[in-house]
Amino acid sequence: MRIFKQWVVAIALYVAMILDGCLAAVLHQTMSYGNSRASLLLLPIAVMVVAFEDDRNAKEVWLALAAGVIADLYFYGIIGVYAVGLPVMSAFGRWYSRVFPELFIFRLIGLLLMTSAFSVYVWLIFRLIGWTHSSLGQAGMSILYTAGWSALLTVLTYWIWAKLARNYPFLVDLDNYRY
Amino acid sequence: MKKFFQNRKMLSALGTVVAFIILLGSTVLLRNDLNSPLFIQSLGNDIVSVGSRIVSVPVGWLSGGINNVDAIINAVSENDHLKRKVSETAQVEAENEALKKENAQLKSAAGVKSTLTTYSTTNASVVSRSADSWTEILTIDKGKASGLKKDMAVMSGGGVIGRILEVDAVTSKVELITTTDDSANRFAVQATASNGKTIHGIITAESGGTITFTQASSSSKLTKGTKVYTSGLGGTSPKGLLIGTVTNTTKDSFGLSDLIKIKPAGNLDDTSVVTVVKRSVTG
């Protein structure tokens, strides 16, 4: 049980990744607007919130890297999309939480900035390897929709990730501080 | 420059960027070239898919419930449409049966066991979809264990929706026909022009989710409503799978060749169940 508690956040990120795929299959039509479509970024949001709430834990970056590699292989079969994006988001989240006030509105702004930056990065990578021919205008609209969906997902799920990060920090044995 | 090489942080940052570029490039090449993914990747995908199957069940129930409400609302108009179709079905069925019998007799007389039109099918459920805005990849719950192979055609809602991109032990990835990926394999297709001539070509996708009939083998015109089928010439998909119908014909951006736009027959948006088509004739 002691070891399980240390891995709760990792398991939660695994569930977030699965939910990303399952919900994308179901909400595909709802998230499409003309020629543009919003991305479902539950996993990046979870990584960012965990980084906000557990900003002293350097191991979170390694967890984000591992989650990124698994997500890349599962969704695309290549490494370099989530595997780069998630550790960068985690590192940014830890820095951001130390610099800006611990208020939800500031966290939401930071999160929207990073999810938008991540969407731009994904678009650039896919343009580079020839997986998409979407123009800058189309990409801009998709990023705008993605920001909207990310804001909604953040409002709905922030408390879950925050609670998990506070109560079960990754690879930290809280039982050591009990007595 | 000397200062740069003495700065460890800068050097490690540069090293990380170079390492990721190499990793990205090599995995993209591997993905395009390998017939089956590396063992470790396949194992990882199958482990993740176990969770996906569990989670997709309640998500499916929830989504199914909402769809059922929608279906009840549309039930009356759908019922009228189906009644009209049912009256035509009996005649088509009888004709189909007679043609099948005749076809089998002719094949037997000619000593032909299987042709490009012979195939078997496997049904699969969609467990997840790529979550980003730009790729069109589905994950289905059937893989190598069910006899699936890379590049097999996948159908849903009466038409082809894509092809198998990657096969793991118990799951597979499907790339939709609307993908704009430059490295994706394309379907070889055919259609009958208004003058009765058969035109061959391939299917390519434009950004925005439209598909087009390109590299047409003849300048004969395809009129609006012409059905486009797979030709079986690509080596992986059988002949006669419906791709879609021609919506309009325009000139490409250079004004040189025809750009024939096609409305896909398959349901690309609501793909909860798909059918994988296994061609009998190999090569």
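The values are calculated or read from the model by the stated rules, or taken from the named source; none is laboratory data. What you are looking at is a predicted structure, and each value in this text was computed from that prediction instead of being measured. A quick note on method: Cβ atoms are made from the backbone with ideal geometry, for glycine too, and the neighbour counts reach across all protein chains shown. Quick note on the areas: whole protein, heavy atoms, side chains included, nothing else; ligands and nucleic acids left out. Shrake-Rupley method; radii C 1.70, N 1.55, O 1.52, S 1.80 Å.
Details
So that you can scan it fast, the table gives a plain yes or no per residue for (1) over 14 Å from the mean Cα position of the chain (by Cα); (2) under 11 Å from B:F187 (Cα atoms); (3) open to solvent by less than 30 Å² (accessible area, probe 1.4 Å); (4) of a type in the set (V, I, T):
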site: B:G235; (1), (2), (3), (4): yes, yes, yes, no
site: B:K239; (1), (2), (3), (4): yes, yes, no, no
site: B:N248; (1), (2), (3), (4): yes, no, no, no
site: B:D252; (1), (2), (3), (4): yes, no, no, no
site: B:G255; (1), (2), (3), (4): yes, no, no, no
site: B:D258; (1), (2), (3), (4): yes, no, no, no
site: B:I262; (1), (2), (3), (4): yes, no, yes, yes
site: B:L268; (1), (2), (3), (4): no, no, yes, no
site: B:V274; (1), (2), (3), (4): no, no, yes, yes
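- Of all residue pairs spaced 6 or more apart or on separate chains, those with beta-carbon atoms under 6 Å, a first member in the stretch A:129-154 that is within 11 Å of chain B (Cβ to nearest Cβ) and a second member that is charged (D, E, K, R) and open to solvent by 40 Å² or more (accessible area, probe 1.4 Å) are A:G130/B:D182.
- Per the conditions (1) closer than 19 Å to A:M17 by Cα; (2) more than 9 Å from chain B (Cβ to nearest Cβ); (3) surrounded by 15 or more Cβ atoms within 10 Å (Cβ to Cβ), the sole criterion not satisfied by A:S97 is (1).
- Between B:R31, B:R53, the distinction of being within 18 Å of A:I70 (Cα to Cα), assigned to a helix (DSSP H, G or I), more than 8 Å from chain A (Cβ to nearest Cβ) and modelled with pLDDT of 80 or more belongs to B:R53 only.
- Any hit, the stretch B:110-131, residues being in a helix (DSSP H, G or I) and surrounded by 11 or more Cβ atoms within 10 Å (Cβ to Cβ): no
Residue-wise test of (1) basic (K, R); (2) in contact (Cβ under 8 Å) with a residue 24 or more places away in the chain; (3) away from chain A (no Cβ under 13 Å); (4) surrounded by fewer than 22 Cβ atoms within 10 Å (Cβ to Cβ).
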site: B:I177; (1), (2), (3), (4): no, yes, yes, no
site: B:N185; (1), (2), (3), (4): no, yes, yes, yes
site: B:K221; (1), (2), (3), (4): yes, yes, yes, yes
site: B:K224; (1), (2), (3), (4): yes, yes, yes, yes
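- A:F52 meets all of the listed conditions (1) farther than 24 Å from B:L176 by Cα; (2) without any contact (Cβ under 8 Å) to a residue 24 or more places away in the chain; (3) not aliphatic (A, V, I, L, M) but one, namely (2).
- Members of the stretch B:126-150 that are more than 10 Å from chain A (Cβ to nearest Cβ) and either in contact with a Cys (Cβ under 8 Å, 6 or more places away or on another chain) or closer than 30 Å to A:T146 by Cβ (or both): B:I140, B:D141
- Residue satisfying condition, being without any contact (Cβ under 8 Å) to a residue 24 or more places away in the chain, open to solvent by less than 80 Å² (accessible area, probe 1.4 Å) and of a type in the set (F, W, Y), within set A:W123, A:W161: A:W123
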